[in-house]
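For reference, the structure discussed in these notes is given below.
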Amino acid sequence: MHWLARQVLRLAVVLFCVTLLTFLIVNILPGDVATAILGGLATPEDLAGLRADLGLDRPMLVRYFDWLGSALSGDLGRSHRSGEPVAQAIADRLPVSLQLMIMAQVIAIGIAVPAALLSVRRPGGLFDRLSASTAFGFLATPSFMLGILLIYLFSVTLDLLPATGFSPMSEGLWANLESMILPALSLGLIEWTVLMRVLRSDLLTTLKEDFILLARAKGLPPWRVLLQHALRPSSFTLITVIGLNIGGLIGGAVIVEQIFALPGVGRLLLGGIFNRDLILVQGTVSFIAAGFVLVNFLVDMLYAVLDPRVRHVRFRS
Amino acid sequence: MSGAVSGAVSGGPLLSVRDARVGFGTVRGLLRAVDGVSFDLEAGRTLGIVGESGSGKSVLVRSLIGLVGSGSGAIVGGEVRLDGQDVRGLSAKNFRQLLGRDIGIVFQDPMTSLNPVMKIGRQIGEGLRLNRGLNATAAARRAVELLVEVGIPEPERRASQYPHELSGGMRQRVAIAIAIACEPKLLIADEPTTALDVTVQRQILDLLQREQRQRGMAMILITHDLGVAAGRADDIMVMYAGRAVEMAATREIFRGPRMPYTEALLRSLPRLSDPTHTRLSAIPGRPPDLARRGTGCSFAPRCTYRSERCEAEEPVLSREGGRGFACFHPLNASAGTSA
Amino acid sequence: MSASAVRPATVAPVGRRLSWAIVLPLAWVALVAFLAVTADWLPLPDPAAQELILRRKPPSTTYLLGTDNLGRDMLSRIIYGGRTSLIVGICAPFFGFLIGGAIGMSAGYFRGKVDLLAVGFIDILLAFPTLVLALTFVAYLGQSLFNVTLALGILSIPAAARVSRANTMAWANRDFVLAARTIGASNWRILTREILPNVLPAMFAFWLVAVSVIIVAEGALSFLGLGIPAPQPSWGGMIADGREALDVAPHTALIPAAVMFLTVLSLNFLGDMVRNLVDPRRSSL
Ligand SMILES: Nc1ncnc2c1ncn2[C@@H]1O[C@H](COP(=O)(O)OP(=O)(O)OP(=O)(O)O)[C@@H](O)[C@H]1O
Ligand code: SF4
Ligand SMILES: [Mg+2]
């Protein structure tokens, strides 16, 4: 079978299993939804009525396939708290979460790549040791802690940036960035450490290759050898790790959106969890997992674009 | 010993190496990979460097052109002159310029010596743009011409391919194109055929020789096979355990080696007169541990001619009749021009 | 080749720095563990006892680490919070490694269909962002120390399965295993007697790393209010509480943050060191 077709099939299977698992967690686990919604004082008749409304009286698998059918057509049901369509709720909040994660990723890559390049100029040198120690420190800092520290430093002590709250683009680019910079830093300042370590170690391996010697023998200055010859062949693991770490980033985004009161998908999910809003949680978790799986799929494709050897193997066979 | 290796031409040798040393700091102490090697190379001539694996051939030539450096924790010593200019005294920038313009190098394994994610045309043109000031179009055009020259069919198509799309022999041709692109004065070929199919080895060696003649380049041809050096090198330097143990014109070496190690190398050559399935006589024993060098001749443990003196004292490279060797009991005393 | 150049520069102890880089983290972790274990016998105020008049007091001789928003003694809460962190941090990966280890070892040993199934299962679990899955689990299981531990334990299954699978594969073809097979040892016997002892060191090194990861995850859950339920102290919860008074009483957030940071940092140090000992090639990440 064609490589691409096989990958797409695999993607479909994983997505199916992921949504099913979400459904099972949300539905099997103890805690009666109807009671949770109506409170302990509700009469049995009320509860039964609500269960029927929610379709909870039908067999689980039937409900799952119903849900899956509508989900495929873009209908994730309605929140039974607000009555809002879940898909709409997610769509409204998605831009904020995306902006947060993209900014965090840009910060992370923006620090990690130069730091790794400078580190391998002299392995074991002052800069290398300094950046390794810094990375080690940040690695021990959870994002919720970093968020608080950043608020303490930039909002409380220095009074430079707003502590919480979100300004949409419509209030001006600067206002928007001001409200997003601390949240993005809370994630990016942690993420870079992992990326830097991966890239550094791959760079060191690449720098031992003969083609690097050949590049030097051509008379290329060290920084051009690094940037033009070493960086790209060293970035494959980095890209994979960026893809895998998006999972961590999504988790971090849930926390950071909560700390900084950003109206993103993570906060939507938390709200749903606190309110026992079953349909909302089911939809949001499935959406997040599907997005994560998709991104990793795309990263895999990117890999093929970047590495001609992989492209060769995959698209010619 | 300068006169030994090359007939002196006015203006001095193109490359002159004095007392080259390379040490690596290892956990077991200082590993002397190259231990005081000196030689000269005239413009347009070919020097073959021959020796077993691990004898320091690659480290020697790489150190000459600054490619073993501080990065690997190496300690490099000695004097290197190209065209009379002290190479080691140059600023980093000037040194890179000299490297890019005047020296080309071909590595052993074309699978690893080409950048896997850069198109071939660009890899060839890169040096031209940097060292010869060509613009992108001119460099690309020249790259295609070079591909033609090294015998690659469909050069335009190949130029826009990646290394993995070519066979090993083709890749080595590309590597040669890269090495000669900037019209260097010196071409270094470090076992250019070891990693290749037997069928293409000869073609690559012929290509190297042709380019060298046409361009009047000097060449250092590294090999562990005296047979490869036989028809192609003017002079041969035999290395053992980081030292030059014999230096002479190629025909002298084949007429009569003076150093027992050279003799052993010669004996391990397959001869045309041998029946097809004769086993090659590999040299028994192993080379010494370079980090634990004892006293005496480093070949002594494997030498059939050794005496007590060989184990106590170290032979230095001495000259006799226009050739050099390091041995207390040289062979073929009559073969030398003087006793 | 020179191994020193390949080695990524971790801050992990090498040579002379060995002394402080091990002693300090070890001492800190030992201190936290000792206080957590002996908390009940120490002369500490009740970590839940509120003294509203004395709220948000900075550190003093009576309240070594000050008091929080509700006038509770911070030192006492930190120590009892440490108990929570350690219980979850130690037990959750243990649970995950029990199950994940079994899955990974069977997959690596039997290969074929078992392997396919195991890898598929791991892939599915890995398709969820960790924290999101943890949140969902805890939310629907109900908040309790046991459920938090269970949820985080489930999350450590994939990692444990991967490590044990890779290691099992590496050992399964060794001579002594093949020898055991030829003399007719059962698969169970080979797995438990021949392979397990060899896989355990790698698992242990990984478990140490998992402890710090889980402590952070528990902190995140508590921070979001989905961890250990309210009056029981936990570091993440304390940081969340302190966040409200960041301007007037920063110590209420900064002290638990510092304690947690030091603990995670120490565990990372120790984990790195053990990992370098177990497998010198894998010293990064
Ligand atoms: N970076 C390094 N660090 C430590 N030792 C090194 C390093 N590079 C080379 N050596 C050692 O130097 C010695 C000479 O190696 P070299 O590669 O020059 O041998 P060679 O003659 O080229 O052999 P071959 O025919 O296998 O290419 C070897 O013992 C090798 O182990
Ligand atoms: S000096 Fe002695 S041991 Fe060394 S090669 Fe000559 S005869 Fe052999
Ligand atoms: Mg070599």
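The values are calculated or read from the model by the stated rules, or taken from the named source; none is laboratory data. None of these values were measured; they are calculated from a predicted model. Note: ideal-geometry Cβ built from the backbone for every residue, glycine included; neighbour counts use all protein chains shown. We work out accessible area using only protein heavy atoms, side chains counted, and drop any ligands, DNA or RNA first. Shrake-Rupley method; radii C 1.70, N 1.55, O 1.52, S 1.80 Å.
Within the stretch B:6-27, one or more residues are closer than 30 Å to B:S268 by Cα, in contact with a Pro (Cβ under 9 Å, 6 or more places away or on another chain) and either open to solvent by less than 40 Å² (accessible area, probe 1.4 Å) or within 9 Å of ligand 1 (Cβ to nearest atom) (or both).
Contact annotation: residue pairs with Cβ atoms under 8 Å, 6 or more positions apart or on different chains, pairing a residue in the stretch B:290-304 that is of a type in the set (S, T, N, Q) with a partner that is open to solvent by 30 Å² or more (accessible area, probe 1.4 Å) and within 16 Å of ligand 1 (Cβ to nearest atom), are B:S298/B:R243; B:S298/B:P287; B:S298/B:P288. For the stretch C:128-149, the condition holds for at least one residue, the condition being that it is open to solvent by 20 Å² or more (accessible area, probe 1.4 Å), at the interface with another protein chain (Cβ under 8 Å from one of its Cβ atoms), out of contact with any Ser or Thr (no Cβ under 9 Å at 6 or more places or on another chain) and more than 20 Å from A:D277 (Cα to Cα).
Kindly provide the set of residues from the stretch B:168-198 that are open to solvent by 50 Å² or more (accessible area, probe 1.4 Å) and either in contact (Cβ under 8 Å) with a residue 12 or more places away in the chain or within 16 Å of ligand 2 (Cβ to nearest atom) (or both), ordered by number.
Result: B:E183, B:K185, B:T194, B:A195, B:D197.
Taking helices (runs of 4 or more DSSP H) as the structural unit, those lying wholly within the stretch B:152-237 and holding at least 2 residues that are more than 16 Å from ligand 1 (Cβ to nearest atom) and under 29 Å from B:S38 (Cβ atoms) correspond to B:168-180, B:198-215.
Of the residues C:V177, C:V213, which is more than 14 Å from every other protein chain (Cβ to nearest Cβ) and of a type in the set (V, I, T)?
Numbers: C:V213 fails: more than 14 Å from every other protein chain (Cβ to nearest Cβ).
The match here is C:V177.
Could you check how many residues of the stretch A:116-131 are open to solvent by 10 Å² or more (accessible area, probe 1.4 Å), in contact (Cβ under 8 Å) with a residue 40 or more places away in the chain and within 8 Å of chain C (Cβ to nearest Cβ)? Residues flagged as open to solvent by 10 Å² or more (accessible area, probe 1.4 Å), in contact (Cβ under 8 Å) with a residue 40 or more places away in the chain and within 8 Å of chain C (Cβ to nearest Cβ) within the stretch A:116-131 amount to 1.
Condition check: crowded, with 22+ Cβ neighbours inside 10 Å and either away from chain B (no Cβ under 14 Å) or in a helix (DSSP H, G or I) (or both). Does A:T193 satisfy that? Here the answer is yes, as A:T193 does meet what is asked. When the stretch B:309-323 is filtered for residues that are charged (D, E, K, R) and within 14 Å of ligand 2 (Cβ to nearest atom), the ones remaining, listed by number, are B:R309, B:E311, B:E313, B:E314, B:E320. Would you confirm, using the coordinates I've provided, whether A:L244 is away from chain B (no Cβ under 14 Å), buried (at least 21 other Cβ atoms within 10 Å of the Cβ), more than 30 Å from C:L246 (Cβ to Cβ) and at pLDDT below 85? Here the answer is no, as A:L244 does not meet what is asked. The set of residues in the stretch B:137-158 that are among the small types (G, A, S) and touching a residue at least 24 places away in the same chain (Cβ under 8 Å) comprises B:A143, B:G151. Among the residues of the stretch B:106-116, those identified as open to solvent by 10 Å² or more (accessible area, probe 1.4 Å), facing chain A (nearest Cβ under 7 Å) and within 21 Å of A:S235 (Cβ to Cβ) are B:T112, B:P116.
Just one of the listed residues (C:A240, C:A258, C:A249, C:A220) is open to solvent by less than 10 Å² (accessible area, probe 1.4 Å), modelled with pLDDT of 80 or more and at negative phi, and it is C:A220. Of the residues making up the stretch C:216-234, those that are facing chain A (nearest Cβ under 9 Å), hydrophobic (A, V, I, L, M, F, W, C), assigned to a helix (DSSP H, G or I) and in contact (Cβ under 8 Å) with a residue 40 or more places away in the chain are C:V216, C:A217, C:A220. If only residues of the stretch B:28-51 that are open to solvent by less than 50 Å² (accessible area, probe 1.4 Å), within 11 Å of ligand 1 (Cβ to nearest atom) and closer than 18 Å to B:R292 by Cα are counted, the one that is farthest from the chain's Cα centre (by Cα) is B:L31. Exactly one residue out of A:I148, A:I212 is open to solvent by less than 10 Å² (accessible area, probe 1.4 Å) and within 30 Å of B:R129 (Cβ to Cβ), and it is A:I212.
Scanning the stretch B:283-308 for residues that are within 10 Å of ligand 2 (Cβ to nearest atom) and of a type outside the set (V, I, T) yields a total of 12. With respect to (1) within 12 Å of chain A (Cβ to nearest Cβ); (2) surrounded by 18 or more Cβ atoms within 10 Å (Cβ to Cβ); (3) at pLDDT below 80, the lone exception for C:A172 is condition (1). Just so you know, in the stretch A:16-33 the residues that are assigned to a helix (DSSP H, G or I) and more than 8 Å from chain C (Cβ to nearest Cβ) include one that is modelled with the lowest pLDDT, and it is A:V33.
Right, A:D202: facing chain C (nearest Cβ under 10 Å) and either touching a strand residue (DSSP E or B) at 6+ places or on another chain (Cβ under 9 Å) or among the acidic types (D, E) (or both) or not? Yes. Total residues in the stretch A:180-190 satisfying the condition of being crowded, with 23+ Cβ neighbours inside 10 Å and either in contact with a Gly (Cβ under 9 Å, 6 or more places away or on another chain) or within 14 Å of chain B (Cβ to nearest Cβ) (or both): the figure is 6.
Once the stretch C:175-203 is narrowed to residues that are outside any helix (DSSP H, G or I) and modelled with pLDDT of 80 or more, the residue that is most open to solvent (accessible area, probe 1.4 Å) is C:I183.
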